[in-house]
Every structure is written in C-alpha cells, then in structure tokens.
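Structure record follows, encoded as structure tokens.
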Amino acid sequence: MTEAGMPKNAKLFCFGLGYSALVLARRLKADGWFVGGTCRHEDTRARLSAEGIDVFLFDRDRPLENPGAALNGATHILVSVPPDAAGDSVLDRHRADILALRDVHWIGYLSTTGVYGDTGGAPVDESALVNPTTERSRRRVMAEKRWLGLRHREGLAVHVFRLAGIYGPGRSIFERLRAGSAQRIDRPGHLFSRIHVEDIATVLQASIAKPRPGAIYNVCDDEPAAPADVTAYACRLAGVTPPPMVSFEDAQKTMTPMALSFWRDNRRIDNGLIKRELGVTLAYPTYKEGLEAIFAPARAK
C-alpha cells in the first residue's frame, strides 16, 4: 500500500458508470487512480472516454467482449447495475471473471434502503431484518445475498451500501419545478430519507480507506423529511410560489405504479454506522444544505 492508503497502481472498475458511480470515479481519477467501467450506450462511451476513462459496453444481453482485458489490473470494483427480473447481470455474466482476479482489495455493491420495507415510520439500522414490499426491493435482497455470498464462500472483500433517495445537481426537485411537474403531497407522518450524490462518494472513499469485508452500511443524511417540505424549501430558494398541497388520496389517483411504490413504505434510516466506523462527516447533513448547494451555481448563471 502507498502512504496514501491505496495500493500501487490502484484501479477502480465500475460496473455501471451511472450518476453515483461517476462521482466516485472522477474523484479517484483526479487522485491518480486508473479508472474503467461499463455503460450501455455508444454515445455515453464516447463522452466518458474523452475524460480518460476506459469504457466498455455491457448489459445482460451484451456481456463484456473481452472481460480479461477490461478487468485487468482492477484493485477495486464498484457495482451499481441494478438487478433485473432474471437476477444480477454482473454476476450472471462475469462472476468467474471477477473470481479470477488476484489483487482486488475492495468490492462495493450499491443497494437500496428499500430492502427494509415498511417500519411504520420507526427507525431502522443495519441490524434490522430485511422485509421488502416491492418486486424491485426483493430483487435487491437477492442480489445482496449473492454478492455477500462471494465474501462468505470465496473470501472476496465485498461491502454493501444501502442508499436512500439519491439527489444532486441535475437530479433534484428543481428539475420538477422547472418542468411544472412538482407537487406537494399531504401525507402526515410519512418521511423519506435522502442522500446527496457527493456524500455517497465520500462514504465509498471512506470504506475504501478502511475496508471491512462483509460490512453493510446505510447511506443517508441526518434528516428524513416529507417531500412537501423539500418542495417548499426549494420554492423558497427559487423565489417561486409553492404548488398547492394535494391529499395523498387524490394524488395517488394519477401516480404511475412506479411513483406509487415509493410511497408504500415509511421508515427512518439510521446512518450512525458510517459516522462511528468510517468517520464520515456529511457535506450535506440535511436536504437544506444540499438544495442550497445545488441552487447556488444555477443562480450564478
């Protein structure tokens, strides 16, 4: 290991160079890491390749063309590809290739706090049993078990990160306000946990620096909040009138099944472990700091 705590010639390979993974990838690249990963579309591949990232096309129906070359030298692996109806496409297509690697110090699997299901608003930490209520969350539970199985049976340094609702630049309430699709739904006592995308990367970096194979971490901020409160605060920052409150009973009549599924569960996620064990200090401990940081650059334009 180098004095900075990373192996010499450290290389991160991301299965799925999406919104969250790219923040980590760009940070590590700026720190001198080699970075590679996958995407699904040629235009994304071209754009990320221009940043100096080694990008390969991948999905269930199009596995890595030359996995040995793509994964060669990987010391750290991040998996952000969600499971589909058939299972986990990364393990289904490249489990053997991952097992063949000889110098992997850390594997991170990005899951969701949805695996806990509904607690009626009660707090939940990593010791809680999973109780998924949606098909998407059930798939996540199965994927977590498979990845953690590689730790227990093969000795791989797998870590699971259960992410709350992700937001950040380009993916926040401000986009819905601009599109005119923002709502304030009145459902007293129903709270959602969130996490700013930059804080996700901070947690992942902290785990890389202090690995504990087999660990599971909740990744969320300090203040679960009602979506209506988040919308109202964004409107205050933007200087616009908040949309009128709508009862949940009325709102659900026009919700898509996907949107409605997010309202099925009510829980408060405990994030104490990332602080106690990894020493994480969140840059955006509540949605207020996060929205302020997103709005400030937009206002300056």
| message | I'm told residue 253 meets every condition in (1) modelled with pLDDT of 95 or more; (2) over 16 Å from the mean Cα position of the chain (by Cα); (3) open to solvent by 20 Å² or more (accessible area, probe 1.4 Å) except one. Can you identify the failing condition by its number? | response | (1)
| request: Report those helices (runs of 4 or more DSSP H) wholly inside segment 1-119 carrying at least 2 residues which are in contact (Cβ under 8 Å) with a residue 60 or more places away in the chain and open to solvent by 40 Å² or more (accessible area, probe 1.4 Å). | output: 19-30
| query | Is it the case that residue 134 is open to solvent by 20 Å² or more (accessible area, probe 1.4 Å) and among the hydroxyl-bearing types (Ser, Thr, Tyr)? | reply | no
| request: Scan segment 281-294 for residues that are open to solvent by 30 Å² or more (accessible area, probe 1.4 Å) and part of a helix (DSSP H, G or I) and jot them down. | output: 288, 289, 292, 293
| Hey, does segment 138-150 have a residue that's of a type outside the set (Ser, Thr, Tyr) and closer than 19 Å to residue 274 by Cα? | yes
| query | What number goes with the only condition from (1) out of contact with any Pro (no Cβ under 6 Å at 6 or more places or on another chain); (2) under 30 Å from residue 100 (Cα atoms) that residue 119 does not pass? | reply | (2)
| field | All positions within segment 127-146 that are of a type outside the set (D, E, K, R) and without any contact (Cβ under 8 Å) to a residue 24 or more places away in the chain | value | 127, 128, 129, 130, 131, 132
| If we scan segment 257-280, do we find a residue that is part of a strand (DSSP E or B) and surrounded by 14 or more Cβ atoms within 10 Å (Cβ to Cβ)? | yes
| field | Members of segment 120-130 found to be open to solvent by 50 Å² or more (accessible area, probe 1.4 Å), closer than 12 Å to residue 267 by Cα and not in a strand (DSSP E or B), listed by number | value | 120, 125
| note | Listed by first then second residue, the pairs whose first member lies in segment 230-259 and is without any contact (Cβ under 8 Å) to a residue 12 or more places away in the chain, whose partner is among the acidic types (Asp, Glu) and surrounded by 14 or more Cβ atoms within 10 Å (Cβ to Cβ), with beta carbons under 8 Å and at least 6 positions apart or on separate chains, are none
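The values are calculated or read from the model by the stated rules, or taken from the named source; none is laboratory data. Note that this is a predicted model, so its numbers are computed, not measured. Cβ coordinates were reconstructed from backbone atoms using ideal geometry, including for glycine residues, and neighbour counts include every protein chain displayed. Accessible surface areas use protein heavy atoms only, side chains included; no ligands, DNA or RNA. Shrake-Rupley method; radii C 1.70, N 1.55, O 1.52, S 1.80 Å.
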